[in-house]
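Below is one structure; the comments refer to it alone.
Only the coordinates and a few stated rules stand behind these numbers; no lab work does. From a predicted model like this one, the values you see are computed outputs, not experimental measurements. Virtual Cβ from ideal backbone geometry, glycine too; neighbours counted across all protein chains shown.
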Amino acid sequence: MSRKDTKELLTICMVYFSIYFCAYMIVPDEFEHGSIIYSITFYFLELTPILAILLGIHIYFSLKKESTNWEKVWRDRGFLTSPKDDAYESDFSDFITNYYSSEQFKNRLSDVWETAMYSIGIILLILTGIAQYVFNIDLSLNPENLISPLIFGEILIFSFGIFLSVVLCSLCKLLTNRYPGEARRARKANPYYLLFPNGDSRDI
């Protein structure tokens, strides 16, 4: 993403979470359960995970969009054979074998990073499920306590998980120039489809 896009996303997040905390802190004390504002606030808080998912998807496709020029992508990574060269594909196959070799520390780190992210994701899902279960019990005992610390915790854990995934992916890319699990998937893939993910469009 460009610096402008990043700045706009950060601004949106700051404004949203400012409204989020104000709604959570003020509405339960100032408005009665069942009132329109109370109900709107509850559903606003409930929508937070969906908004977090949409934000994550937006960032993912923004990053993916930047990698549409695959010839440039591989050239920037060190593959310098000309597309007009007869050995272009065979050289690329050799390049990929070495570039994504499991012997390289960056590739092992990328593989481990993916495993760690899956583990963290499972833990966060379990914590979210526990928070939801406890909230349902609390709600059955206190029907008017819709906006409670329990629902706040549940939403916070889930949203944090989405945000953390984006941050960890970006950090892995920054440190290794690979996304989590990219090396492992590349070793299993056909080099042709790594070189031409959208088909061979060379003008030879």
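Placing R0 at 41 angstrom, the Cβ-Cβ distance between SER90 and ILE53 gives a FRET efficiency of 0.45 after rounding to 0.05. If R0 equals 22 Å, the separation of the Cβ atoms of ILE122 and TRP70 corresponds to a calculated FRET efficiency of about 0.10.
Inter-label distance, SER170 to SER101: 3.3 nm, where each label sits 7 Å from its Cα along the C-beta direction. Inter-label distance, TYR43 to ILE19: 1.4 nm, where each label sits 7 Å from its Cα along the C-beta direction.
By the count of neighbouring beta-carbon atoms within 10 Å, fewest first, PHE92, PHE105, PHE21, PHE79 end up ordered PHE105, PHE21, PHE79, PHE92.
Note that the range 171-184 has calculated 3J(HN,Hα) couplings of 5, 4, 5, 5, 7, 10, 6, 9, 7, x, x, 4, 4, 4 Hz, one per residue in order, obtained from phi through the Karplus relation 6.51 cos²θ - 1.76 cosθ + 1.60 (θ = phi - 60°); glycine and proline are x.
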